[in-house]
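Peer 1: Take this structure first; my questions come after.
The values are calculated or read from the model by the stated rules, or taken from the named source; none is laboratory data. Worth saying up front: this structure is predicted, and the values here are computed from it rather than measured. Every residue, glycine among them, receives a Cβ derived from its backbone with ideal geometry; neighbour counts consider all protein chains shown.
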Amino acid sequence: MAVQAVVTPYSVSPGLMDVLQVTILVLVAAGATAVVLTRDPVRQVIVLSGYGLLMAVLFLAFQAPDVTLSELTVGAVALPILLMLALAKVRKADSVRDRERDGERHGKGDK
Amino acid sequence: MAFFPFVVVVWILAVGLYGMVTSRHLMHLIMCLIVVQSSTYVLLLGVGYKTGAVAPYFFDIPVHTPAVDPVVQALALTDVVVEAAVTALLLAFAIQAHKRFGTLDPHELVQLKG
Amino acid sequence: MSSRARLWLFLAGMAGLAACYLWGLGGLPGFGHYPGPYGDIINRIAVGQTNATGVVSAVNFEYRGFDTVGEEFILFAAATGVATVLRHLRGERERPARDEAADRDAPPTSSAIRLSTLMLAGPTVVLGWWLASHAQTTPSGGFQGGIVLATAFILIYLAGQFLAFKRFSPVDVTDAVEAVGAGGFAAVGVTAVAMGLPYLTNFLGLGSKPGAVSSSGTIALISFFVGMEVAAAFVLMISELLDQTLLIGQES
Amino acid sequence: MTPLPALAVVVPLLMAAAISALNPLLRRRRRVLDGAAILTSAAVAVMLAVIMVKAAHGEVIYWFAGFRPAHGAAIGIDFAAGPLSAGLACLAAVLVTASMTFSWRYFERVATYYHVLMLTFLAGMTGFCLTGDIFDLFVWFELMGVSAYALTAYRPEERGPLQGALNFAITNSVGAYLSLSGIALIYGRTGALNMAQIGAAISRHRPDGLVVIAFLLIITGLLIKGAIVPFHLWLPDAHAVAPTPVCVLFSGVMVELGLYGAARVYWSMFGTALGHRAAITGILLTLGLLTAVLGALYCVRERHIKRLLAFSTISHAGIFLAGIALLTPLGLAGVAVYVAGHALVKASLFLCTGIVLHRLGSVNESSLHGRARHLRITGVVFTVAALGLADLPWFATFAGKGWIEASASVRGMAWITVLLILSSALVGGAVLRVAGGVFYGLGDPPAEDPQMAEQSSEETSETVADKGRTPLTMIIPAAVLAAAALAVGLIPDLGRTVQAAAVRFQDQAGYNAAVLAGRHLAHPAALFPAGDSGITAASVASGVGSAAGALVLAFLGLYWRRLPLLRRGFEPGAGLGGPIRAFQSGVINDYVTWIVAGVACVGGVLALTLR
């Protein structure tokens, strides 16, 4: 059962666990930096989703499967969906406005 | 290793705040706020971790097995919900702000000042 | 403030804040050395006291259940807030579903997508339900289950159109489900008060065996209500945002 | 164990859920909806008043789900209500009742959302006041916050509310996450979340970096809510644009709750460990006085009435923090009474402003000049409340400020009296100037600042303007609140009762015993001896002085153009406009920067002085 694999830590020796944790921590730090430095919001949502995934893995390595599940559902799925929807609205409004502005400039005869 | 996770916590907080301060797009700023908050998850779970201990689920292991702290995990769960709630609300504000101001540049989203 | 001044002020401040923060963190016992006692006590007593093998759920829904009441109402207030802020204002109307670029009707969703998303929706609902009903045993709970359930609705949206999604989740019904979920949780606590017990006392039978699905009394019940609340809150927030993408008018 | 503390939070939550569930039925039945909300908040106020009376004889402790602490370790969440915390929560419930009554005829169209959010807001404030658990404090802080952000943006068809809500939500969220980091830090040391237990654990050792920084981070979030310079920048943006009945709660109690939280955290957790040193007094007093004076100066130059009142709230928050910083029972008692008096008069002022907005459709002092002459009762109430704000004897504000000053002079800091009188007089002068100009048409209309005219012109859709008469449901709450501020100041023996409560609030050992062992200490040990809470000649002089100063300043504000010494066109402080505007820039990036810089400064000073 998949759940058993999650709750039984004996398969990983403590030394290996350390290496695993440090690796993931470094990745998380890099991920956070990447989220912040990605200035284009649409790309940033994707990077953020990946960052959520990394956090979920980190929580697994911290023996917190419950938080892992939450972070997966919220950080990697639900929030990116909400962000994408909001961005879609904003960009649509932008494109409508741009088109109207173009329409005014060129007159209606173009169509 | 003893303090490395906590250094990462400070790093995440610092880059998140840096992003918020330099942000020129509200959506970007909101995502940086998410990063700032994520530093608290790492800190919470970091302080509750015990080397060599299992996750606090005694479904298929004996009850007296050393386990990591379940309390910080419950706190982190609450924290995740707060994150989702605040972000959703901020996004709603952002959508309306974009309708009224026609931009999401925080420098332009100013009606009252001085 | 000019961008440059702001950046320098921030960098100076952040250096100070980081130094302070690191100084404070240096006082911790070190990673991997959780000092207790709170978590250790809970780990020792939780299974015996509640018959729940998932101790995190026991903390969430029993020992610190009152935090979770607050947490659910934070989500509830946020969903209400999203609905408040995104309500239809004067001069706003729904735009017919049209493809903007070419000024023609939107192309229908391909039947392959429809079929595959619909096929996914069923298992998603089952998974969400499973998660919400197993809080007391394994790493799961109402919150995770609720969000998975909410994604099932997104699949329905992908499969069909927003209108179908709306038909599945009319705002009034979603509102009511959400309120019943959040209110139900709070009411479980009040039931205990009515029985003369402290608020949120676990007044149901704990079941005979730790780890059984029917064990642990109110923990399972509360998890169910939380699942309801979370699923409805996310469906509500997502549908409000989707709704916005179909709105036009009153843009400045 | 009485269930009242739990019910005081759960009843508004259940009512909010019920209203939301019955949304389709209630949407068109405004009166049922209003009635349910008013009754709920009034019931909560009564419950909290009962708790307050009970708590006079010892903390009312409530363990959720019956998990009592064993061997000094808590495993559940507790509510620990003292007279001051229950009293503050009761004040919040009273203000919610008043503003819901005011809303009866105020909003043009209102869905169920407003009522739902007001009730969750109330529950958040109540839980925040009563809780004895530091993480639970964070949860209610967030519930209060989320409801408040949404209420600020209640009119999303305008720009101001969106700017206000965004800045409010983002700054307060950053603060909340800093607080949460502090909570995690202290948890990593003590393995406890109960405030009493944490306090007991950390007071055994000398304070080290962890304790100092945990204190710093936790109070940062609370000081942001409490609008202390340089964390105050969000407040004028949010308070100026929220619906007027909501402003009553924001200015009346929400800001004060932040400061209450800081005091609670200090006296229940960190006080003994940090050792009540002069450095704590020094830092908090500096921040408080800076806030008081800066807020008052911004207040005087403002023309947008709601924003003017918002700046006056900042100034008063500074006075409250200064009073807390004295660390004496008399100082804290003074703050408690001052908070109550301020909340009542400020609520009354906001409600009167709401009436003006309802009748005349504007909140711009310049354009309203002399136009509200026919609103006689409103004018009288507004003027009386403004005098209360200027600490005129015997308003509750006067008694409270008198004790703060008395306590300061006992501690050898009589000089702060000057600053307190100055800021009270400036704030009172600004509000009285509004009263004189708008309601009585005195003096000349102030010069129209084009920027401020633009800002004020937006306030339109909140309520339908130009109604024939003022509804009784609007003027009665305003009048009752102003009268209550006077009545509270006249309660006999108020000083002794409140000071006894303050002594208990500051008695960390007694609090620990009550929470962790269920014992009540008969004679709390006070760090500083209780002071004399009588009305002295000095306090009357100070109260009369600030009220007289306010009148003089108001007169100058209205008539200075006619003074022979000043030539026409002279604008006092005109050259300062640039820096003033640059500080209060409305740009969220700046606000976050100031938060970071502020935390670093306070942290640096704490680190240098407390080690």
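Peer 1: Select from the stretch A:69-80 the residues that are more than 7 Å from chain C (Cβ to nearest Cβ) and surrounded by fewer than 24 Cβ atoms within 10 Å (Cβ to Cβ) and write down the one among them that is farthest from the chain's Cα centre (by Cα). Don't jump to the end; show me each part of the working.
Peer 2: Of the stretch A:69-80, the ones more than 7 Å from chain C (Cβ to nearest Cβ) are A:71-72, A:75-76, A:79-80.
Right, trim to surrounded by fewer than 24 Cβ atoms within 10 Å (Cβ to Cβ) and you get A:72, A:76, A:80.
Numbers: A:72: 9, A:76: 5, A:80: 6 Å.
Checking each candidate, the answer is A:72.
Peer 1: Still on this structure, please answer the following. Got a number for residues in the stretch C:173-193 being farther than 30 Å from residue C:240 by Cα and more than 9 Å from chain D (Cβ to nearest Cβ)?
Peer 2: 1
Peer 1: Would you list the helices (runs of 4 or more DSSP H) that sit entirely within the stretch D:1-111 and hold 3 or more residues that are of a type in the set (Gly, Ala, Ser) and either surrounded by fewer than 20 Cβ atoms within 10 Å (Cβ to Cβ) or within 14 Å of chain C (Cβ to nearest Cβ) (or both)? Let's see the steps before the verdict.
Peer 2: Details: elements: D:4-21, D:23-26, D:30-55, D:83-103.
It comes to D:4-21, D:30-55.
Peer 1: Same structure again: Check the stretch D:495-506 and report whether any residue there is outside any helix (DSSP H, G or I), at pLDDT 90 or above and within 30 Å of residue D:66 (Cβ to Cβ).
Peer 2: Checked the stretch D:495-506: at least one residue is outside any helix (DSSP H, G or I), at pLDDT 90 or above and within 30 Å of residue D:66 (Cβ to Cβ).
Peer 1: Report whether or not residue C:22 is of a type outside the set (Val, Ile, Thr) and under 30 Å from residue B:113 (Cα atoms).
Peer 2: No.
Peer 1: Examine the stretch A:49-62 for a residue that is buried (at least 24 other Cβ atoms within 10 Å of the Cβ) and either more than 9 Å from chain B (Cβ to nearest Cβ) or not in a helix (DSSP H, G or I) (or both), and state whether such a residue exists.
Peer 2: Taking every residue of the stretch A:49-62 in turn, at least one turns out to be buried (at least 24 other Cβ atoms within 10 Å of the Cβ) and either more than 9 Å from chain B (Cβ to nearest Cβ) or not in a helix (DSSP H, G or I) (or both).
Peer 1: Would you tally the residues in the stretch D:35-66 being closer than 24 Å to residue C:184 by Cα and modelled with pLDDT under 90?
Peer 2: Matching residues across the stretch D:35-66 total 2.
Peer 1: From the list D:542, D:533, D:546, exactly one residue is at pLDDT 70 or above and part of a loop (DSSP other than H, G, I, E, B). Which is it? Steps first, please.
Peer 2: Numbers: D:542 fails: part of a loop (DSSP other than H, G, I, E, B); D:546 fails: part of a loop (DSSP other than H, G, I, E, B).
Among D:542, D:533, D:546, only D:533 is at pLDDT 70 or above and part of a loop (DSSP other than H, G, I, E, B).
Peer 1: Okay, moving on. For the structure I just gave you, tell me whether residue C:58 is under 29 Å from residue D:128 (Cα atoms) and facing chain D (nearest Cβ under 7 Å). If you could, list the steps in order and put the result at the bottom.
Peer 2: On the way: under 29 Å from residue D:128 (Cα atoms): yes; facing chain D (nearest Cβ under 7 Å): no.
No.
Peer 1: Which is within 18 Å of residue D:207 (Cβ to Cβ) and either under 12 Å from the mean Cα position of the chain (by Cα) or of a type outside the set (Asp, Glu) (or both), of D:282, D:288, D:258?
Peer 2: Going through D:282, D:288, D:258 in turn, just one is within 18 Å of residue D:207 (Cβ to Cβ) and either under 12 Å from the mean Cα position of the chain (by Cα) or of a type outside the set (Asp, Glu) (or both): D:282.
Peer 1: Being surrounded by fewer than 24 Cβ atoms within 10 Å (Cβ to Cβ), of a type in the set (S, T, N, Q), assigned to a helix (DSSP H, G or I) and at pLDDT below 95 narrows it down to one residue among A:33, A:23; which is it?
Peer 2: Residue meeting the stated conditions: A:23.
Peer 1: Here is a check on your reading of the model: is residue D:173 farther than 28 Å from residue C:31 by Cβ and either touching a helix residue (DSSP H, G or I) at 6+ places or on another chain (Cβ under 8 Å) or within 11 Å of chain C (Cβ to nearest Cβ) (or both)?
Peer 2: Judged against the criteria, residue D:173 is not a match.
Peer 1: Right, here's the next one. Condition first: more than 7 Å from chain B (Cβ to nearest Cβ) and either β-branched (Val, Ile, Thr) or more than 17 Å from residue B:10 (Cβ to Cβ) (or both). Now tell me which residues in the stretch A:28-48 satisfy that.
Peer 2: A:34, A:37, A:38, A:40, A:42, A:43, A:45, A:46, A:47
Peer 1: Quick check on the stretch D:294-323: of everything there that is at pLDDT below 95 and among the β-branched types (Val, Ile, Thr), which residue is surrounded by the fewest Cβ atoms within 10 Å (Cβ to Cβ)?
Peer 2: Out of the qualifying residues, it is D:300.
Peer 1: Sticking with this one: Just give me the residues in the stretch B:17-61 being assigned to a loop (DSSP other than H, G, I, E, B) and either more than 10 Å from chain D (Cβ to nearest Cβ) or without any contact (Cβ under 8 Å) to a residue 60 or more places away in the chain (or both), in sequence order. I'd like the intermediate steps shown before the answer.
Peer 2: Going residue by residue through the stretch B:17-61, those that are assigned to a loop (DSSP other than H, G, I, E, B) are B:23-25, B:48-49, B:51-53, B:55-56, B:58-61.
Within the stretch B:17-61, B:25, B:48, B:49, B:51, B:52, B:53, B:55, B:56, B:58, B:59, B:60, B:61 qualify.
Peer 1: Quick one: count up the residues across the stretch C:19-54 that are part of a helix (DSSP H, G or I), more than 7 Å from chain D (Cβ to nearest Cβ) and more than 32 Å from the chain's Cα centre (by Cα).
Peer 2: So the answer is 2.
Peer 1: Also, I was wondering about something else. Starting from residues that are facing chain C (nearest Cβ under 7 Å) and part of a helix (DSSP H, G or I), keep the ones in the stretch D:575-600 and report whichever is nearest to the chain's Cα centre (by Cα).
Peer 2: Ranking the qualifying residues of the stretch D:575-600, first place goes to D:599.
Peer 1: Another one. So which of D:349, D:321, D:327 ends up being touching a residue at least 40 places away in the same chain (Cβ under 8 Å), on the phi > 0 side of the Ramachandran plot and not aromatic (Phe, Trp, Tyr)?
Peer 2: Just a single option satisfies the conditions, and that option is D:327.
Peer 1: Out of A:16, A:83, report the one residue that is of a type in the set (A, V, I, L, M, F, W, C) and either buried (at least 19 other Cβ atoms within 10 Å of the Cβ) or modelled with pLDDT of 85 or more (or both). Walk me through it before giving the result.
Peer 2: Working: A:16 fails: either buried (at least 19 other Cβ atoms within 10 Å of the Cβ) or modelled with pLDDT of 85 or more (or both).
Testing whether each residue is of a type in the set (A, V, I, L, M, F, W, C) and either buried (at least 19 other Cβ atoms within 10 Å of the Cβ) or modelled with pLDDT of 85 or more (or both) leaves just A:83.
Peer 1: Report the residue count in the stretch D:175-207 for those that are free of Cβ contacts under 8 Å to residues at least 24 places away in the same chain and more than 29 Å from the chain's Cα centre (by Cα).
Peer 2: The total comes to 6.
Peer 1: Quick test of your reading of the structure: residue C:68 fulfils all but one of (1) within 30 Å of residue D:112 (Cβ to Cβ); (2) part of a helix (DSSP H, G or I); (3) at pLDDT below 85. Name the failing condition by number.
Peer 2: (3)
Peer 1: Mind checking whether some residue in the stretch C:119-131 is modelled with pLDDT of 85 or more, within 25 Å of residue C:222 (Cα to Cα) and not aliphatic (A, V, I, L, M)?
Peer 2: No.
Peer 1: What is the residue count in the stretch C:78-110 for residues that are modelled with pLDDT of 75 or more and either touching a Ser or Thr at 6+ places or on another chain (Cβ under 7 Å) or farther than 27 Å from residue B:85 by Cα (or both)?
Peer 2: Count: 1.
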